[in-house]
Amino acid sequence: MLMVMPVGQINGVMMLRVIGVISAAVLFTADGGETRAATAKVHERVAEQAPPLDVVALLTAARGAPPLICAFAAQSVRGFGWGNWNDAPSTPLAAVVAMPDREVGNATFPPADVDRLFEGLASADPCVRELSVRLLGGQKSESIASAFVTRLGATDAPTREAAAFGLGLSQPATAVSPLIQSLRDAAAGVRANSAWALGRIQDGRALAPLVGLFRDESEKVRQAAVVATGRMDSASAVAALMRVVQNDPAPSVRRSAAWALGQLESREAADVLAGVLTRDNDAKVREMSAWALGHMEGRNGRTALANALSKDADDGVRETAAWALAQIEDRSAVDALAAATADHSARVRGTVAWAIGQLRGDDEGSRVPPGLLRLLKDESEDVRLKAAWSLGQIGDASALGAIQDALKQEQSSQVRRALVRALIKSGGRSEQTMTELLNSSDPKVRESAVRGLAGHNSFNPWPWPWPRPRPFP
């Protein structure tokens with residue numbers, strides 16, 4: 001029989017390590033045949049950026065942990081696809097604890113449990129505070145929101161920080177004025193959490209006070225205020241954000257400001273962002289500036305984007321610049337993109353191939369630019385997939401020979417489907433060619449041939465771009 005320990009007695013430090021180490025290893029997963037190639041790309045990029053999992057630390061911290069807390073930690077590796085951690089008939093924890101299939105944080109707790117959770121906000125144990133505020137934050141009760149507001153005036157900073165965090169999770173409109181007052185709190189953590197909460201609530205009354213924090217002494221506070229401002233959907237803060245993206249000493253804050261300007265789609269900031277893309281010494285800031293220019297879909301920054309594609313030393317900046325050039329539909333950029341098909345980074349080459357297809361796909365009589373055909377022999381499957389897709393978008397009959405040669409050599413079923421699509425869209429419908437395709441040993445090739453002959457324009461694959469930095473700093 002499982003014994004549930006009182007909140008205050010949970011070994012929070014130990015389990016905070018468990019949850020933190022596990023969360024560092026979480027990968028975003030998607031399901032469905034149409035997205036597998038793109039999902040693999042996401043996994044590859046996340047794996048490149050994530051720190052290695054410290055298995056020794058994980059297992060050491062997990063040993064002897066209370067089963068209920070361990071169950072919460074186990075949920076962090078469920079992912080977002082089909083199924084979850086406890087869908088198997090028998091799991092190690094099943095004998096001692098059963099977790100509900102619903103979202104626990106949205107459960108309605110009896111008053112006694114609510115009182116215990118609020119007591120947990122004042123605990124000296126960080127894990128107890130973390131669990132308490134997250135469980136309370138899932139509630140939409142006016143009484144709980146009022147209790148959070150009351151705790152914004154607590155004498156100790158950790159309780160005030162947790163209260164602001166909880167209000168950001170629950171997002172009650174009644175908390176706007178108290179949270180604005182908390183932007184002047186002496187503790188940086190309280191100011192930062194209050195700014196974050198106001199950004200989630202998105203009430204225009206908070207805009208001016210948030211902008212006032214752009215000069216805060218704390219980097220964490222400035223970043224939270226900038227991000228919250230980007231969520232407000234108001235052009236009145238654009239001038240202040242432009243000053244931040246150019247002048248703030250912290251790269252994290254400048255990157256957040258670039259994101260906010262892109263989120264607000266402020267084309268008047270395009271020249272400033274182009275300058276940041278050209279001159280900022282931090283690659284992450286330049287990358288987000290390229291993303292912002294693409295998100296605006298204006299052409300003011302096209303020269304800076306083309307220069308970044310050809311000259312920037314960072315793979316992520318060049319890749320995002322290629323995406324942005326396609327996003328702003330700058331057809332004059334095809335030559336710059338064609339030159340970048342020789343880039344040393346497979347990520348850049350793949351996005352360049354996609355971008356060429358985006359720009360040339362709508363033009364009647366478009367020709368395949370130099371370099372794109374060479375990518376059909378690229379060592380990267382993702383690059384070959386995007387190159388084949390791009391050729392299908394262009395539909396240039398002069399590429400038929402290269403497409404047919406690639407189809408004979410290609411081992412990847414996904415790429416073969418893209419090549420069949422490119423072949424048909426480029427006019428390769430001769431009796432001999434179609435007979436060979438319809439008699440292929442690969443069922444996906446046969447399916448693509450049938451769909452192409454039937455006039456379907458939407459058959460797979462559809463390699464969407466994945467160069468964008470996550471649209472949140």
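What tally of residues in the range 379-414 results from selecting those that are assigned to a helix (DSSP H, G or I), loosely packed, with under 15 Cβ neighbours inside 10 Å and acidic (D, E)?
Number of matching residues: 1.
Checking the condition surrounded by fewer than 22 Cβ atoms within 10 Å (Cβ to Cβ), outside the structural domain of P251 (by TED's automatic domain parsing) and of a type in the set (A, V, I, L, M), which residue from A313, A283, A339 passes?
A339
Which of the residues that make up the range 369-378 are modelled with pLDDT of 90 or more and part of a loop (DSSP other than H, G, I, E, B)?
G371, L372, D378
Please give the number of the condition Q223 fails out of (1) part of a helix (DSSP H, G or I); (2) without any contact (Cβ under 8 Å) to a residue 60 or more places away in the chain.
Every listed condition holds for Q223 apart from (2).
The values are calculated or read from the model by the stated rules, or taken from the named source; none is laboratory data. The model shown is predicted, which means the values in this text are computed figures rather than measured ones. When we count neighbours, we look across all protein chains shown, and the Cβ atoms used for this are built from the backbone with ideal geometry, even at glycine.
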